[in-house]
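Asks: Dropping a structure here in structure tokens format, bear with me for questions.
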Amino acid sequence: SPGVDLDTLQRWLRAFAASVAEHKDELTDLDAAIGDADHGANMHRGMSAVVDALDAAPAADPAALFKQTGMTLVKSVGGASGPLYGTWFLRMAPATGGATTLDPETFAKALRAGLEGVVARGKAELGDKTMVDALAPALDALDAALAAGESLADALRAASTAADEGRDATTPMVARKGRASYLGERSAGHQDPGATSAALLVAAAAGSVGG
Ligand code: ADP
Ligand code: MG
Ligand code: MG
């Protein structure tokens, strides 16, 4: 099966940045309901800085690309989402094993390492109404599809569907992590902003990787 090369990974990051820009107001509106109305601005600032860094200094290999992306997000985004998305990419970097082209299993393993970093850092469990509720089912679907012999493109489409379902499932949840948890029961009935941006990240992968 075809590998995931540096150009493809850059297309993924640029596609995510474009999607965040397109959905900036939606992400902010969601955060206005249960947070502090800055998730769209936070993600847009961070991913714009990531694209600027790509334009200024193209990375040498996938590990360098993920490291640069993670560091840029940590530096440029105040708020919970910057360190969490930053950790996601920083943890992906070593999981590539220094390969120039990632085979589907290595790409999936790197994504899994990213999720484990987010969980280690944020301590969110499934059902806490966070980005983890979109990312964890997405990676489970990705692994299951690859194990069943599906192409990376098909597996990422399955992951994107699972991420969307996970995002939607956050609506009735009571938040137990992040700002939304300050609202207690009043956080129920609102879709989580971070799960929404996370579903965009997976959708961008489905749209640009393995296709
Ligand atoms: P802040 O809440 O600091 O303003 P953002 O609004 O940019 O940061 O991001 C909020 C999102 O971050 C939430 O919707 C949630 O998905 C995610 N989040 C917050 N805390 C955690 C955590 N501990 N673990 C995982 N995700 C979290
Ligand atoms: Mg916020
Ligand atoms: Mg904030």
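No lab work stands behind these numbers, since they all come straight from the coordinates. Treat the numbers as computed from the prediction; the structure is a model and nothing was measured. Cβ placement follows ideal geometry from the backbone for every residue including glycine, while neighbour counts extend to all protein chains displayed.
Asks: Quick one: which of 24/109; 24/75; 67/129; 67/177; 24/123 span more than 24 angstrom between C-alpha atoms?
Replies: 24/109; 67/129; 67/177; 24/123
Asks: Still on this structure, please answer the following. Per the helix-only calculation at 222 nm, which mean residue ellipticity applies to the chain, given -39500 (n - 2.57) for every DSSP H run of n ≥ 4 and division by its residues, nearest 500 deg cm²/dmol?
Replies: -23000 deg cm²/dmol, from helical runs alone.
Asks: Here is a further query. Along the Cα→Cβ direction, 7 angstrom out, place labels at residue 126 and residue 144. What is the inter-label distance in nm?
Replies: 1.0
Asks: Just to confirm a number: summing +1 for Lys and Arg and -1 for Asp and Glu over residues other than residue 65 whose beta-carbon lies under 15 angstrom from that of residue 65, what do you get?
Replies: Within the 15 Å Cβ shell, the charges total -1.
Asks: Could you work out the local net charge near residue 101, counting Lys and Arg as +1, Asp and Glu as -1, over the other residues with Cβ closer than 11 Å to its Cβ?
Replies: Net of charged neighbours comes to -4.
Asks: Tell me which GluC sites (Glu not before Pro) from region 63-136 have a DSSP coil assignment and no more than 16 other beta carbons within 10 Å of their own.
Replies: Listed in order of number, the matching sites are 125.
Asks: Follow-up question, since we're still on this one. Please compute the length gained on full extension between residue 174 and residue 154, using 0.36 nm multiplied by the number of residues separating them and subtracting their Cα-Cα distance.
Replies: Length gained, residue 174 through residue 154: 3.9 nm.
Asks: Please say if region 61-211 is rounded, prolate or oblate, where rounded means a/c under 1.5 for a ≥ b ≥ c the square roots of the C-alpha gyration tensor eigenvalues, and otherwise the choice is prolate for a/b larger than b/c and oblate otherwise?
Replies: oblate
Asks: A further question follows. Under a Cβ-only charge scheme (Lys and Arg +1, Asp and Glu -1), can you give me the dipole magnitude of the chain about the Cα centre, in debye to the nearest 20?
Replies: 620
Asks: Oh, and also: Residues with beta-carbon under 9 Å from that of residue 175, excluding residue 175: net charge, scoring Lys, Arg +1 and Asp, Glu -1?
Replies: Net charge in that neighbourhood comes out at +2.
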